[in-house]
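*Asks:* For reference, the structure I am asking about is given below.
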Amino acid sequence: MSRLFLSLFMLLLIVLVSFMLSANGVVQYLFGGTLEAMREQQLGGVITLLDNEIRGLDTAQRQQRLSEIQTMFRYEVSLLPIAEMDLSPGERQRLRAGEFVNKIHDHAEFSYHPSLVEGMAWSLQIDPTLTERDRDFLVGPLALVEKMLAAMPREQWTQAVAENARHFGIPIQLLTMQAVQDSRLLDEKQLLALRGGEIATRFSNDNLEYAFKRLLDTEQVLQIGKIEVPWVLDNAIYALIAMLALLLGTVIWLWLRPVWQDLRQLRQASEGFGQGNLATRIAVSRYSFVKSILDAFNGMASRIEQLVTSHQTLTNAVSHELRTPVSRLRFSLEMLEKTSSEMDRQRHLQAMNADIDELETMLAELLSYARMDRQHTMVQKTPLVLGQWLAEQIQRNQPDCKTISIQTDCRGLPDTQVTVMDAKLMAHALRNLLQNACRYANQQIQVVLEYHNGQHELRVEDDGDGIPEEYYDSIFDPFTRVDASRDRRSGGYGLGLAIVRQVMHMHQGSAAVGRSPLGGAQFILRW
């Protein structure tokens, strides 16, 4: 759960921080074209007025006129050689091609525009955004307009204003003071300022909507506007919020999709398992957020399948194994009732006792196998010296092998105590292997315990007839006997090797069988 929470939290945090850090870049990327177009519209007319002021003048006259122009403007206006401007080669190329360039130097924004003078360009240090500062921005251009109109008859003003409006890209027209008053676009205070020669402005949502300037103390008023701000700029914050919501939604969906797929697999596997398909497993990715849950399901499914299979095997096998001794007991009882000879009675009683002993032995092995089959967590590893442990086990089991010699060999084992196995369970497994070897060996049994490549290996070999290769895969299954001709007194019940395999499973190890160099069977335990 903590991994799920931390992964989602860190993912969302990275997205939010990245978005906040790049918000300006996002706005510039999305709306940069619109902003550039607005700047070009706002300053295009100003540049046209400036070019008209210097048209036909020589260098000295231009410098004098530039000095006069600078007094009209409230921001720096310069005419500079393009080659001397602090611009990149690409930006200079754009200027020479007739395009304009906006650039920030020392936290101040400059706008560069080609001039009618060859190799020269206008430089305006200005932030041409439509805010309260526009009054400063409008002072210089309106002064140039008044100067232009002052040099021509009043009846030509309307035509001159219309021609210049084309360069500004925004509505510009001449009105009378009465028309402005009737439009109710300005309040009384603004009208009073307008009559006094000041620039009157009207704003909407912090954006300049109208600007008015009374011309040359006449009743003529120059109206700029209505200035329409593109919707994407006026609602940029909503567009950014929508983008952030979409981005977060996409990130969360990409994060939840593999989780949802894993949970869907879990639901489908649970349904299949509940319908009796015990082999159902889930393919688990190493990068899954719910890997522990899926692994737990697979482990549970494997264990249940093993338990059910074991239960079915034991149920079938026990019913078969019990049938023979029970039948012999029934036969002995019937014969006991019919005989009058004391010798026959004793013989039948001995046979019955033998059958009962056989049942007790078989039940003891069944209980031992069932207990190991169901208690995988009961391994109790204790520190011991492996060489001494092996010697003790051989000494304890040697009497059962009678005349057959058991040889031992320890390789690579430490002389100190190590904690690598459950001594009691491993002794049980070794005893079963030794009993099996003693039963089929001719003269010799070899037991090897060694440690190499980080793994322990215990081998029990004999010089008997060995086990056919076709039984290598099934020899460790419960109630499996290679020689079907042998009875239970000579061949056992087929549970000893099954118990050996269970012991190795409990140690996360393996049990295998093969051909011994001595000529018989070789059983190999690794863990």
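*Asks:* Suppose we keep only residues that are surrounded by 18 or more Cβ atoms within 10 Å (Cβ to Cβ) and among the β-branched types (Val, Ile, Thr) within segment 208-244. Which one would you say is modelled with the lowest pLDDT?
*Replies:* This residue is Ile227.
*Asks:* Conditions: (1) touching a helix residue (DSSP H, G or I) at 6+ places or on another chain (Cβ under 7 Å); (2) modelled with pLDDT of 85 or more; (3) farther than 30 Å from Asp136 by Cα. Arg267 meets all but one. Number of the miss?
*Replies:* Result: Arg267 passes all but (1).
*Asks:* Another question about this same structure. List the number of the failed condition for Tyr75; all other conditions in (1) closer than 20 Å to Lys147 by Cα; (2) in contact with a Lys or Arg (Cβ under 8 Å, 6 or more places away or on another chain); (3) not in a helix (DSSP H, G or I) hold.
*Replies:* (2)
*Asks:* Would you check which residues across segment 397-408 are of a type outside the set (Val, Ile, Thr) and within 58 Å of the chain's Cα centre (by Cα) and list them?
*Replies:* Going through segment 397-408, the residues of a type outside the set (Val, Ile, Thr) turn out to be 397-402, 405, 407.
Passing the criteria: Asn397, Gln407.
*Asks:* Next up: Can you tell me which residues in segment 494-511 are hydrophobic (A, V, I, L, M, F, W, C) and either free of Cβ contacts under 8 Å to residues at least 24 places away in the same chain or assigned to a helix (DSSP H, G or I) (or both)?
*Replies:* Here is the first cut: in segment 494-511, the ones hydrophobic (A, V, I, L, M, F, W, C) are 495, 497-500, 503-504, 506, 511.
Across segment 494-511, the qualifying residues are Leu497, Ala498, Ile499, Val500, Val503, Met504, Met506.
*Asks:* Return yes when Met378 is at pLDDT below 80 and part of a loop (DSSP other than H, G, I, E, B) and no when it is not.
*Replies:* The answer is yes for Met378.
*Asks:* Can you name every residue in segment 172-202 that is out of contact with any helix residue (DSSP H, G or I) (no Cβ under 8 Å at 6 or more places or on another chain), surrounded by 14 or more Cβ atoms within 10 Å (Cβ to Cβ) and within 17 Å of Val139 (Cα to Cα)?
*Replies:* Of everything in segment 172-202, those that are out of contact with any helix residue (DSSP H, G or I) (no Cβ under 8 Å at 6 or more places or on another chain), surrounded by 14 or more Cβ atoms within 10 Å (Cβ to Cβ) and within 17 Å of Val139 (Cα to Cα) turn out to be Gln190, Ala193, Glu198.
*Asks:* Quickly run through segment 184-232 and pick out the residues that are in contact (Cβ under 8 Å) with a residue 60 or more places away in the chain, farther than 17 Å from Ala165 by Cβ and under 50 Å from the mean Cα position of the chain (by Cα).
*Replies:* Phe203, Asp206, Asn207, Val229, Pro230, Val232
Residue-wise test of (1) under 51 Å from the mean Cα position of the chain (by Cα); (2) surrounded by fewer than 21 Cβ atoms within 10 Å (Cβ to Cβ); (3) small (Gly, Ala, Ser); (4) at pLDDT 85 or above.
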| position | (1), (2), (3), (4) |
| --- | --- |
| Leu495 | yes, no, no, no |
| Ala498 | yes, no, yes, no |
| Gly514 | yes, yes, yes, yes |
| Ile524 | yes, yes, no, yes |
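*Asks:* When the residues of segment 409-458 are filtered to those that are acidic (Asp, Glu) and more than 46 Å from the chain's Cα centre (by Cα), which remaining residue is surrounded by the fewest Cβ atoms within 10 Å (Cβ to Cβ)?
*Replies:* To start, the set of residues in segment 409-458 that are acidic (Asp, Glu) comprises 409, 415, 422, 450, 457.
Among the residues that remain, those that are also more than 46 Å from the chain's Cα centre (by Cα) are: 409, 415.
Numbers: Asp409: 11, Asp415: 8.
Ranking the qualifying residues of segment 409-458, first place goes to Asp415.
*Asks:* Determine which member of the set Arg3, Arg92 is assigned to a helix (DSSP H, G or I), of a type in the set (D, E, K, R) and at pLDDT below 85.
*Replies:* Details: Arg92 fails: at pLDDT below 85.
Result of the check over Arg3, Arg92: Arg3.
*Asks:* Now for a different question. Looking only at strands (runs of 3 or more DSSP E) that lie completely in segment 405-466, which have at least 1 residues being among the small types (Gly, Ala, Ser) and touching a strand residue (DSSP E or B) at 6+ places or on another chain (Cβ under 7 Å)?
*Replies:* Strands (runs of 3 or more DSSP E) meeting the threshold: 405-411.
*Asks:* Thr280: at pLDDT below 80 and either under 30 Å from Gln508 (Cα atoms) or not assigned by TED's automatic domain parsing to the domain that holds Asp477 (or both), yes or no? Walk me through how you get there before you give the answer.
*Replies:* On the way: at pLDDT below 80: no; either under 30 Å from Gln508 (Cα atoms) or not assigned by TED's automatic domain parsing to the domain that holds Asp477 (or both): yes.
Taking the combined requirement at face value, the residue does not satisfy it.
The values are calculated or read from the model by the stated rules, or taken from the named source; none is laboratory data. In this text the structure is predicted, and so the values were computed from the model without any measurement. FYI the Cβ positions are ideal-geometry reconstructions off the backbone, even for glycines, and counts take in every protein chain you see.
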